[in-house]
Each structure stands twice: as structure tokens, then as C-alpha cells.
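Values quoted throughout were computed directly from the atomic coordinates according to the rules given, and no laboratory measurement underlies them. Because the structure is predicted, anything quoted here is derived from the model rather than measured. Heads up, the Cβs are rebuilt from the backbone with ideal geometry, glycines too, and the neighbour counts pull from every protein chain shown.
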Amino acid sequence: MTLNNDTRVDPEWLHELVRASQPHAGMTACKMLFMDRPRIINSTGFWIAQDGSGMDRGWNQPDEGQFDEAFDVFGPTAGAALYRRDLLEGVGLFDEDFLAYYEDLDLAWRGRLAGWEARFAPRSIVYHKFSASFGKGGSFKTYLCERNRIWNLIHNYPRRYVPLAIPWNSARVLAGPIPWNGSQAGSAEAPSGGFRATVAAMARARIDAYAGIPQAFAKRRERRSIRRVDARTVGGWLRRYGVSLKDAVAA
């Protein structure tokens with residue numbers, strides 16, 4: 001079980017999380033709501049994108065019962081999640097090189113590639129103080145997400161899908177610094193580092209991610225032994241759990 005220190009849980013959170021777990025599911029996601037907006041969804045599990053990134057399912061939507069059914073998701077956000085011991089013993093723990101952000105996405109990919117599935121527990125409720133550690137739109141958060149996205153792509157995606165990331169990468173370079181929530185520079189919801197700081201963070205992330213490519217490929221080779229699915233199955237995941245380019249860039 002994982003639980004962030006910036007969360008508050010419903011009394012039945014853990015009971016419902018365990019109850020929704022199934023033998024073939026190595027990971028279980030809860031319904032995570034914003035602590036300061038308890039009727040708005042933070043996450044109900046991960047969706048995935050062509051460029052190595054992930055997106056919270058239901059992000060910023062009013063909780064109106066649209067996610068009240070238990071079904072499979074690609075993986076859980078580790079802010080509040082349940083992992084089977086067998087999964088962790090088979091694929092390992094979080095990659096410490098990620099530091100923060102996408103380390104849970106990388107773990108979900110490893111679990112999926114090893115043949116595990118993931119479930120969503122709609123009655124397992126957690127309230128999350130979003131970005132309490134690094135701030136909303138902070139330049140260091142931008143750096144970590146961009147760097148780790150590239151590493152996740154190299155670690156886990158079949159080679160045939162890596163070229164598909166090129167237009168997504170280009171779109172992110174062009175659109176990444178834009179405050180997609182419509183906020184004005186300097187407002188509470190705008191990126192805290194400003195336009196130039198965001199551009200600089202993304203550029204530094206690319207440089208450091210590319211410098212780490214040899215190590216990323218070494219990890220990819222080490223993980224071959226745990227893979228139980230083929231590239232066609234991964235293509236099915238990208239269709240079933242995938243998000244559009246527009247949604248990924250605007251997230």
C-alpha cells in the first residue's frame with residue numbers, strides 16, 4: 001500500500017481498496033478527490049499517451065457518478081494505491097532515479113508488461129492536496145515530468161511505437177509553457193515559475209533525459225526477462241487506455 005503524506009482518507013478507504021482487488025490485478029486505484037475541492041476528481045487511475053506520459057482519468061471533472069463502477073484501468077497513482085506483493089517481488093519497486101512524478105507510471109508499465117492488470121475501487125475515497133510537494137506548475141515539477149516522461153518511453157514502450165512519440169514531443173515543446181487552465185501570469189493557478197522558467201525547465205529536462213539514455217536502455221535490457229506481452233498487446237493498451245494528443249498537451 002502507498003499513501004502520500006498530503007492526503008486525508010475516508011474511514012473505509014483501505015477496506016474498499018482491498019475489497020475491489022482481484023487475483024489477476026496486481027494494482028488497485030482509488031477515487032482521489034481534491035482536498036480543497038472535494039467534489040472534483042483528481043484521479044481514478046492512469047490513462048497513457050504515445051509520448052511516454054500519463055494522465056489522470058477523470059482529471060478536474062465534477063464527481064457526478066460517472067466513475068462509480070469498478071473496472072480495469074492501466075494503473076493507479078501511487079498517491080494512494082494497493083500493490084500485490086507478488087507484483088513488487090517480480091518487477092521491483094519504484095525507480096529511484098525518477099525521484100518524483102511518473103515513478104508510479106513506470107511501475108504500472110512494468111506490472112502490465114509482466115502480465116498483471118489493474119483495477120479501480122470507486123468506493124475507496126482519498127482527498128489529496130494537489131502538488132503540495134513541488135507546487136502547482138512549478139519549474140522543478142515541469143523538469144521532473146518532462147525528463148521522466150522520456151525515460152519511461154525508453155524503458156517500456158516497444159520500439160515500433162517510439163517514433164510515434166515525435167509529433168507528441170514537438171507539440172509538448174511548443175505548448176508546454178502555455179497556462180492551459182486559462183489563468184493569467186502571476187495568478188495563483190498560473191505556473192509558478194513563469195514562462196521563461198518553464199521553457200528553461202523543459203530544455204534542461206530534455207538535456208538531462210538524453211544524457212541518461214544509455215542508462216535507460218540498460219534498464220530496458222534488464223527488464224526483458226519479466227516481459228510477458230507482445231507489441232500488439234501494447235498497441236491495444238494505447239487504444240484502450242490512450243488519450244488524445246490535445247488532452248495530453250493540455251493536461
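If you count, for each residue, the other Cβ atoms within 10 Å and average over each peptide, how do 77-85, 4-12 line up from highest to lowest?
77-85, 4-12
Averaged over all directions, how much area does the convex hull of the C-alpha atoms of region 2-243 cover when projected, in nm²?
So the mean shadow area of the Cα hull is 12.5 nm².
Estimate the FRET efficiency between ARG204 and TRP237 by the formula 1/(1 + (r/R0)^6), using the beta-carbon distance for r and 35 Å for R0, to the nearest 0.05.
0.70
For the chain, modelled as a GNM with alpha-carbon contacts under 10 angstrom, which of ARG239, ARG206, ARG119 fluctuates the most?
Ranking ARG239, ARG206, ARG119 by mean-square fluctuation puts ARG239 first.
Taking the Cβ of each residue in GLU222, GLU96, GLU103 as the centre, tally the other Cβ atoms inside 10 Å and list the residues starting with the fewest.
The order, fewest Cβ neighbours first, is GLU96, GLU222, GLU103.
Work out the FRET efficiency for ASN60 and PHE94 from their Cβ-Cβ distance, taking R0 = 25 Å, and round it to the nearest 0.05.
0.45
To the nearest 0.05, what FRET efficiency results for ARG227 and ARG8 with a Förster distance of 41 Å applied to their C-beta separation?
0.60
What whole number of Å gives the distance from the Cα centroid of region 199-251 to the Cα centroid of region 4-18?
Comparing the Cα centres of region 4-18 and region 199-251, I get a distance of 29 Å.
Determine one quarter of the surface area of the Cα convex hull of region 58-155, which equals its mean projected area, and express it in nm² to one decimal.
Mean projected area for region 58-155: 7.1 nm², to one decimal.
Could you give the DSSP H helices of the chain that reach 24 angstrom or more along their long axis (alpha carbon positions) and whose average Kyte-Doolittle hydropathy is no lower than -1.0?
For the chain, where a helix must reach 24 Å along its axis and average at least -1.0, the hits are 139-156, 194-211.
Please report, in debye to the nearest 20, how large the charge dipole of region 1-151 is about its Cα centre when each Lys and Arg carries +1 at its beta carbon and each Asp and Glu carries -1 there.
Its charge dipole is roughly 220 debye.
May I have the convex hull volume per residue, in Å³, for the Cα set of region 1-109?
118 Å³
Quick check: net charge around PRO23, other residues with Cβ under 14 Å of its Cβ, Lys/Arg +1 and Asp/Glu -1?
+1
Taking H placed 1.01 Å from N in the peptide plane, check which residues at least 5 places from MET35 or on another chain put their amide H under 5 Å from its amide H.
Residues meeting the amide H criterion: HIS128, LYS129, PHE130.
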